[in-house]
Every structure is written in structure tokens, then in C-alpha cells.
Protein chains: 2
Amino acid sequence: MNMGEKGLYIRDFPIIFKKVIYSSLIRSSKKEIVYRDLKRYTYEEFYSRIKKLASSLKKLGIDDNKTVGIFDWNTNQYFESFWAIQMLGAKLHTINLRLSPEQIVWTINYLEDDVFIIRDEFIPVFEKISNYFKKKPLCYIITGDEIKQYQTTLKPLYYYEDLINQGLTDFEFPDLEESLTTLVYFTSGTTGMPKCVYFSQRQEILQAIMNSIGLTAYPSPININSKDVILLLPPLFHGYGWSLPITAVLMGMKIVLPGKYEPKVILDLIKNEKVTFTAGVVRFLKMMLDYPEINKYSDYLKGLKFLQDGEHASRELFLQCRKYGIKIMEAYGMSEGVGYTFATLKDHMVDWPYEKQLDYINKAGLPLPFCEVKVVDNEGKEVPKDGKTPGELLVRSAGLTLGYFNDPKRTMESWTQDGWFKTGDVAIVDEEGYILIIDRLKDVVKSGGEWIPTVFLEDLLMRHQAVKEVAVIAGKSEKWSERPLGIVVLKSEYEGKVSEEDLKNHLAKFVEEGKIPKWWIPDKFIFIKEMPLTSVGKIDKKVLREKYKDIILP
Amino acid sequence: MNMGEKGLYIRDFPIIFKKVIYSSLIRSSKKEIVYRDLKRYTYEEFYSRIKKLASSLKKLGIDDNKTVGIFDWNTNQYFESFWAIQMLGAKLHTINLRLSPEQIVWTINYLEDDVFIIRDEFIPVFEKISNYFKKKPLCYIITGDEIKQYQTTLKPLYYYEDLINQGLTDFEFPDLEESLTTLVYFTSGTTGMPKCVYFSQRQEILQAIMNSIGLTAYPSPININSKDVILLLPPLFHGYGWSLPITAVLMGMKIVLPGKYEPKVILDLIKNEKVTFTAGVVRFLKMMLDYPEINKYSDYLKGLKFLQDGEHASRELFLQCRKYGIKIMEAYGMSEGVGYTFATLKDHMVDWPYEKQLDYINKAGLPLPFCEVKVVDNEGKEVPKDGKTPGELLVRSAGLTLGYFNDPKRTMESWTQDGWFKTGDVAIVDEEGYILIIDRLKDVVKSGGEWIPTVFLEDLLMRHQAVKEVAVIAGKSEKWSERPLGIVVLKSEYEGKVSEEDLKNHLAKFVEEGKIPKWWIPDKFIFIKEMPLTSVGKIDKKVLREKYKDIILP
């Protein structure tokens, strides 16, 4: 029995963007939102701008029946569009800049985008691909740093800043249903065409709350509060890219947007805007740490908090960060569900020495509130929490897509009957409940019926001083079906000075320590100059497997 | 258009208790829940106990169609019942211990409670009142500190600990709809019969999240995290009483339950269990501070964080707390909606001197996320944020009851057409957006068509060194219709030494400072020995108004 009374107009308070902005406008009205050294305004002005933008978009016919594709770097204009379009009830399709033109066309035709917001530098790209659009767009809206007119075949054309200038400040955003889908994008799967995931403001905000609790309520090296200054490094078309801005506005933090990724710009923003917190994949960190003049910035990196996700980072990276005073914690999520686990510390670990804490903060970690995880074997039975039995990680979470849009077949393949999402990641769970991702299910080496997790081996190999990058892949074996094959990029100063035998001996030490069984050691290592990368900057094992498919191991 | 796909089994992740406990069982499995010096167990054991309790209750016929009345102090058994009964989907009626027997019978008959959980010491009360129950209960369940058999007319009778002992640890809680009503109780209104408010687990958890963000994400004197130890002081049958336990479990804190309120027990718990955080009305604080042997505990009160609500507290109380090292912050909520605003600091106030911060943390404060507030005049127009124009405070909030259960008339009176709840509180808003409650609408003195807010005057009067307690009420005036009348209890050492004129002169200083207009000064003061109190320990102005109704002011 529900006690809701018929005929009364009071209903549940909807969990929508409008409500998130409301309280921050009171707390943080004068806080700044900064885009490079180009634009700087307060939360108040931000709200005024998105109201003006929304009123103009509405005049152009954009309502809750429309899909808007956006193609831009993390600029203030993207940030504003992110809020305004969803708050109109329209669907925002955040197009992945890293996809191939063919894939981009495919995703646009999949969703039948009605309108496009495109950064000026990408006009030539869109002039080409627009020939392949199945549906004629209502219009194109151009963003950019300069106010300029363009000659282009894209028509009808509007300029973003004109729309803002012509907008109405007294526009009122509608009261939306919290479960309305307003965010859509595609996973950058390395196999097959991208898969379409979709989110309501309820899901987005619950994810933002989960992030917020994970960053404030539990001890960790990267605790934050509203006084922190956040740099929105992950692209808005990725998971953390869309959820951290909501967390930032919910908490009323000063927000810094980097635009196109350039190490010097990012480091200068950290320095000049006093950035204290950011997040992203390992590549972002490396991009900064590898910057030739990094030492000029060392005073400003000291104390910087970094939420690292996208892959299990090496222990070496954590130690390298520590040298710079950068505080780092691992997290785990994916396009389908953004943030599942944070490697926060349990209370009794707070006073441990750093080396011991590192065994935990350098894992995927513990489930956030409103996320459930389990690691299961082939029969769907939970594996023991012993820190060594691998299984597939399954997830249920408040921030998880409710399937692949318009793709019941792949949805059925990836969700269990009781709503668990099969991540395709292989994990182990330790006695404290911390999850460690040790491989992708499709990358795991199946040797004589047993699993050899490649990411786990890569992590140990990265601890060798000469190794810059490493990928372990499945090589063909007549006896064992598959055997591990190591592909290695050495640091330039070690090129030619390290042998296969050296690396095998390095791993043999971990065999002695009981960390891995002897038969996990790769049978062969191949030294190469550079790793092939996927669109999101991860090592592309598919390419490696294809390249070395003719090698036969014992 | 919603993208949800027909035929698929994936649905929104429900915001229910089961999910809150899930993640804390992983993070905080070994954290303790402590009841006085009588009971102490881990979160794991807590979960096992509520599963056993729920399985036994289900056997007794308690399901989502039943209402369970509970009558107890804040004991571990009450705490367990709070979770187990709601997680079964049944409605928990938290009976207010402070109501009169007549009112208690009235509330029980209003909801037609099916089952009662009663503390042993209250068996005699229930033996008497059960004669007036309209519906025959399914059974009575007895809680208590000792395992004992009772001779009683209450039948059929079960003992709580027997039910736990006979329960099943492998019981599985059902997957409930998040909007199902599972918590019901009555406001202790000072006019008319109590009003029935009702909450779903969605509302309860969103309120707990709002509390959590308010206590962790924004700077305040009482920031907490999972390492804090919480003393659950407010009774579970009050607003903060039910929402803070959920916040505590969500954050995985050590939890301490005081049982029956006894200053020595509370102070000993603070000392022995290393309590760092608690909350409640002013009376709780005074009960501690007035304890004769308070100085024995001064080392343990140092640093204690106190979230103060229930009324606007005097500045003197804040200063008195500061002497003991107790950190205090005001909050504002009510039975209908628990926590609307917290007086957290804005970031730019963090480095201010305490005296200046006090002008803000000693107000109702700023709306929490997912709460909207506005202060309106008689025509429903928002008053200026000038720190002096009074209006009625309206609220919309994720944690607010959706009306008064089964009482459309009073619901219509208290909610506007667009879903704003009329709090009946008179407030002013300052330039920073901080709300200060200055009166109850019904207590405000209407003098010559203008409002004189009595709580505001009381606050200024409390700053006089001789004043222990004060109430300003409306006295009859032929000329002005109403004029303020001050009722004062002096500190014992000042009795007979302070005159009406002294108090008027005291207020005249604030007139000179421009804080209040001259015509707000009460025309008369009456000195009494003791204030009449309501069931929740507030000064009962209704009684005072009745008592002094024959006094005629100029």
C-alpha cells in the first residue's frame, strides 16, 4: 500500500539538473568557471548564459523530441551546452572526437541527430561527413574562441555566441521527469561497432552524488570539498567527463576547462588557477609528467589530487607521482556506468605507511554507495575473497545505462536475467573486499584451460626499471592452446641493453615471493619501438594480436 | 521520448535501505554499534540480527500490508527494528513517547497499527491504553535490557530477543519499490491533534544524502567523515532522529545509542566510546552543560561536533559551547521534512574570526542540495534579501512528506498549488542568502498591522547576562491590537536584582545599533520561576498566552 493520496498535486521532488544548480547558485554564486585564459565568469553568469542559450535553442525548435550532437573540446561552450540542452529535455549526443569519420557517421545515423553544435576547427570534417547523414539536420551551430564568419556548405548555420546574445535571461527551464533520457553516447569498443549507452538526469545525478560521497565521506589521499578547484580534464564525451562536472556544480567548486589538450596549457592552468583536483586516464598524467619543462611547475603540482581511472595503473606511476607530491587514487568505471569503485582507504588503514596503503589505493577499490559488485566464475558463483582467484566482474549501479539503446541482442548478451551488467573485466577480490582488475576477459590467456591474467603480469613487468610500456597477449600454442607473449617498449636509455632472459628473471622473483605461479611467465618477449593505441589512448591489443598471430609458442 | 526498451528487465537502481547497507557492509564490516555499556556488536552482526528479526516478523504475518507501532528509547533494538521493519516493506509507526496517552491512542487508531514493539518499562502504559484501540493487534513484542518474562494482559506476547534467536540468517530482504511508504509518524503540533507525515525509503535516503553532503562537502565547524563516531541523541521518532542513523550507516560510522536520556550516561558514552559528533535540540546541550559534574568530562567534550536544530539557538549558547571546545552549527528542519538548511560556511568565510562567522553559523543557514526555499510576503511575493524584511518561509525538498496522510483539508491548507510547503515559520534572508528564523507565524505579534518577530527579540534578550529563559508573546492592546509582552526566567543569582527597566534599556542598545526599531521593545516584562514546556521540550507559548490573556497593554 502506498499512502500517496489521489487528487493531491504534491509529488516526489525530481532529481534533475535544475535542482542541482539551484542550491549552488546560493552557496557559490560568485565562484568562477574558467576556460583557458580566454573566458572567466561566475556561476551566476553561467546560469544566465545557459538560460539565454536554452531560450534561443527552443526558438530553433529544440525540445524534448530532439537529439543534439555536439563535437567540441572541453570548452565553456561545451560545458554550457551540456546543461542547457539536457535541461530542455532534449537528448545530448556527445560525439566521441576520437572515433574514425566512418564511425562518427555511423553513430550520428544511429541516433538520427537533429542539430549539431560543432567547434569551428571541425567544420571541414563535418563538411565531408555530412554527405553521409541519413537525416537532414535542422541546423548547425558553431562554437569557437573567436567571433568570426565562416564560408561553409553546412546550412542553415548559426553562431553560438549570437544565440546567447539573442537569448532571454528570464527563460524558465521545464520541470522534467527525472527518468527522461537526456544523455546518449557510444562506447569506444575495440571490437565491432560502438555500442550506444543512455542516461537520465536521475542516473547522472546519482552518479555525481556517488562520486561526491566517495571523495568526501571516506578517507583517501584525494579528499576534497567545495574549496577545491577542479580541472575538468576527462573529455565530456567520456564517463568521468560528464559525471565530474555535475559533482563539481553540486559541491559548488571553482571549475577550470582546458579546451584542446596541450600539456603547457594544462600546466599553466594548474599554476594560474590554483587547481587542486583533477581526474583522468594514465595518459593525462603521463602527458604532464613527460612535459620537458615539468620542473618549472613542481611547486604547483605539489598537493594536486588526481582520481585515476580507465585502467589499472602501475605501482611505478603512483611512486613517480609521489615524487612530485601529486596525490593519486585509482578508480574503476566504464562508458556504461562511469564510477563503480573508488580505492578509498578503510579507516583502520589511515595511519599505515604509504607503501602499505599503496596495496589498496592502487586497486579498483571498494564499491561506492548505490553500486553493487560481484566477481563470479564460469558458473556464475562468487569467487572467494582471497586476492588470487580470478573471475568476471559483474555490476549493478545507480549510474549504469539501462542497456544498449536499440540493441536488444547485445543488451541480452551483456546483462544477466537479474540485472547484473557483465563488465567483461577479470578481477580478483582481497580479504578487505578491494577489487583489482587483472585483465579484460577477451585478453586473458587461456593456457591449458586455466586463465592467465595479462594486466596483472604487465603490472609486474612495469616494475622493471628498463620497461617503458608492456602488453602481454595470447600467443598460439599447440600444446596449451594459448601461452602468454610479452610485447615490450624499453626506455630509450635501455634500448638493446635488456634481454628476454632479464625480464623472465625479473618475473621469477615474484614466483619466489608466491605472487604468481611459475607457468604464468611469458614464453617469449618481443621488443618494439612504439605501441599501437586505441581511440582513447589505451594500448590496442587487437592490433598486436593480429600482428603476431603467426608466432607459435611451445 | 524515453529510451527505455520494452521487454527488457533492466530497471532503474532503486534507492532503498538494502542498497545503503550493502556498501557499508564492505567498507565498515567491523565498525561497532554500541548501546550504552550493555550491547556492542559489528555492522556484520547488526546485519545478521536484522535478517533474523525480519524472518521472524515475517513468520508472524508482518508484510508490506502491515503497520508496526514502536514505543522505545533509542536502544539497539529500536535501531534494528527501524531497518528490519521498513526493509520488509511494512510501515513503521514511530510513536512519540512525549505525547499524552490520549494522543497516543488517537495516533494508533488513526493508523490502525497491527503490531506493537514496546519496551518492557512501558507495558503498564500499554495495558491501560490498549483498551481504547479500535483494531485488535496481531501481537505485542517486548524489548528490554534484561531477558525476563512478564505477566501482562497484552496478548499474544513475544519477546524481541526470542524472535532474533529463532530467526534465519539467510533471510533475503525483498526488492522494494523506492516510493513505497515505510515510515509514518505524527508531528507534535501545539495546536489541534497531531498531523500524520509519511515517507518512502527514497525520501529517507535522499534526506540522509542531503545531510551527508551538508556535513562533508562544504566547510563548517562540524565537518565529519567515516572516521567520526556518532551518538544518536535525537529520538528515532523525530526528524533528525530517523535521518541521521541512515546518514551514519551510509557513511559507515561507528554508532552509539544512548537509550533513555540520562546526562551521566550520555557523558560517559561520549567519554568511553570517543564520540565526536552528535545532534539535537538545545535542551540536549543544556542537559549536558548543566550537569553538576560536567568538568570531569571537559577533556572529552573538547572538539565534540554538535548539529543543533529544533529552534534558533541563542548566540550565548554558541559562546558557552565554545568555552568547552564544543563545535556547534545551527540547522533547520521540522517533522514534515527534517533537514532543509544547514548553516555551513561559504568558502570565503572560512578564515573569518569566530565572532564574524557566528553571524552565519548561528542562523538556519543555506538550503541543502535538493531543497528549495523562499520567504514570501502576504501576497506570496519573495521578500528582499536584506536581512530585515520578514516573510513566511516556504519549502520544497526531496525529504519532505507528500502531505498529511489521510487529511486532505490540512494538506490543502499547508501546501501551495505548485507544491511549496508553508512552514508557518517567519524568516528573514540576508545578502548571502542565509535564512534566520525569527518567529512562528502564529506567535508573531501583529502590532498596528506590522509584524514583530518574537524569537528575534528573545535572542537579543538572551544576551543579557541575567536572563536564563525568555518568551515574548502577543499581549492584548486596545490601540495596536497586539503588543509584545516579555516573560522572563532569571538565573537564580540574579533573582530580584533585575527590573523591567533594565531589560528595556538592554534592548534600547540594539535600537541604537539599528538592529531593531524602537517600537519592537515589549511594553511589559513579567518575571516567573519556570517556563511551561511542550512535549518536545520547547517553551509552550500557548500556555503562556492563555495565562496572561487578561493583561491589557497600552
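What the table shows:
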| item | result |
| --- | --- |
| Considering only the protein assembly as shown, percent of DSSP beta bridges that pair antiparallel, nearest 5 | 55 |
| Helix-derived mean residue ellipticity, 222 nm - over chain B, DSSP H n ≥ 4, -39500 (n - 2.57), to 500 | -9000 deg cm²/dmol |
| Under the Karplus curve 6.51 cos²θ - 1.76 cosθ + 1.60, θ = phi - 60°, whole-Hz ³J(HN,Hα) for region B:108-114, x wherever Gly or Pro sits | 5, 5, 5, 9, 6, 3, 8 |
| Degrees separating the helix A:201-216 axis from the principal Cα axis of chain A, which is the longest one | 60 |
| The protein assembly as shown, accessible surface, carbon-and-sulfur percent (1.4 angstrom probe) | 49 |
| Residues in region B:201-223 that, when all protein chains are in place, have 20 Å² or more less accessible area than the chain alone would give (probe 1.4 Å) | B:Arg202, B:Leu206, B:Ile209, B:Ile213, B:Thr216, B:Ala217, B:Tyr218, B:Pro219 |
| Heavy atoms of B:Thr153: accessible area, 1.4 Å probe, square angstrom to 10 | 100 |
| Dipole of region A:88-160, positive end: most advanced residue of A:Phe122, A:Gly144, A:Tyr132 [Cβ charges, Cα centre] | A:Tyr132 |
| Cα long-axis angle, helix B:263-272 against chain B (0 to 90 degrees, to the nearest 10) | 70 |
| At least 40 Å² of accessible area lost relative to the chain alone, listed for region A:17-39 with a 1.4 Å probe | A:Lys19, A:Tyr22, A:Ser23, A:Ile26, A:Arg27 |
| Listing of region B:344-363 residues, each with accessible area lower by at least 30 Å² in the full protein assembly than in the chain alone (probe 1.4 Å) | B:Lys346, B:Asp347 |
| Residue-level accessible surface for B:Val511, protein heavy atoms, 1.4 Å, Å² | 40 |
| Beta bridge orientation in chain A: antiparallel %, DSSP, nearest 5 | 55 |
| Interchain or long-range residues, amide H under 5 Å from B:Tyr404's placed H | B:Thr411 |
| A versus B: buried accessible surface, summed, Å² (probe 1.4 Å, to nearest 100) | 6700 |
| Nm distances between copies for B:Met412, ranked from closest, using label points 7 Å along Cα→Cβ | 5.3 |
| Dipole magnitude (debye, nearest 20) for region A:70-187, charges at Cβ of Lys, Arg, Asp, Glu | 640 |
| Accessible area expressed per residue, region A:363-461, with surrounding protein chains retained (probe 1.4 Å, Å²) | 35 |
| Accessible-area value, A:Leu168, 1.4 Å probe, nucleic acids and ligands omitted, Å² | 90 |
| Antiparallel DSSP beta bridges within region B:115-273, percent to nearest 5 | 30 |
| Most positive-pole-ward Cα, A:Phe421, A:Ile33, A:His464, against dipole of chain A from beta carbon charges | A:Ile33 |
| Label-point separation, A:Glu121 to B:Lys296 (7 Å along Cα→Cβ), nm | 7.2 |
| Sequence-distant residues sharing a close amide H with B:Glu372 (under 5 Å, placed H) | B:Arg396, B:Ser397 |
| Three-way shape call for chain B based on the alpha-carbon gyration tensor, with the a/c threshold at 1.5 | prolate |
| Given charges at beta-carbon only (K, R positive; D, E negative), |dipole| of chain B in Debye | 620 |
| Nearest-first distances (nm) between copies at A:Tyr41, label 7 Å from Cα via Cβ | 5.8 |
| Rounded, prolate or oblate (a/c below 1.5 giving rounded, otherwise prolate when a/b exceeds b/c) for region B:1-157 by Cα gyration tensor | oblate |
| Residue and distance (whole Å) for the chain B Cβ nearest the axis that superposes B on A | B:Thr216, 2 |
| Using θ = phi - 60° and Karplus 6.51 cos²θ - 1.76 cosθ + 1.60, couplings along region B:248-254 (whole Hz; Gly, Pro as x) | 5, 6, 3, 8, x, 8, 5 |
| Sites A:Ser492 and A:Arg40, calculated FRET efficiency, Cβ-Cβ separation with R0 45 Å, nearest 0.05 | 0.65 |
| Residue-normalised accessible area of region B:213-350, given per residue in Å² at a 1.4 Å probe | 28 |
| For A:Pro384, inter-copy label distances in nm, listed shortest first [label point 7 Å out on the Cα-Cβ vector] | 7.4 |
| Where GluC sites (Glu not before Pro) fall in DSSP loop in region A:309-416, at most 15 other Cβ within 10 Å | A:Glu379 |
| Dipole magnitude of the protein assembly as shown, debye to nearest 20 (Cβ charges: Lys/Arg +1, Asp/Glu -1, about Cα centre) | 240 |
| Between helix A:500-512 and chain A: long-axis angle, C-alpha atoms, 0 to 90°, nearest 10 | 90 |
| Amide H partners (placed H, <5 Å) of A:Ser477, local residues excluded | A:Glu482, A:Arg483, A:Leu553 |
| Net +/- balance of residues flanking A:Leu394 in space, Cβ distance below 11 Å, scoring K and R +1, D and E -1 | -2 |
| Backbone HN-Hα couplings from phi across region A:302-307 [Karplus 6.51/-1.76/1.60, Hz, Gly and Pro as x] | 4, x, 4, 9, 10, 8 |
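The values are calculated or read from the model by the stated rules, or taken from the named source; none is laboratory data. Every value quoted in this text rests on a predicted model; they were computed, and no experiment measured them. When we count neighbours, we look across all protein chains shown, and the Cβ atoms used for this are built from the backbone with ideal geometry, even at glycine. All accessible areas refer to the heavy atoms of the entire protein, side chains included, with ligands and DNA or RNA removed. Shrake-Rupley method; radii C 1.70, N 1.55, O 1.52, S 1.80 Å.
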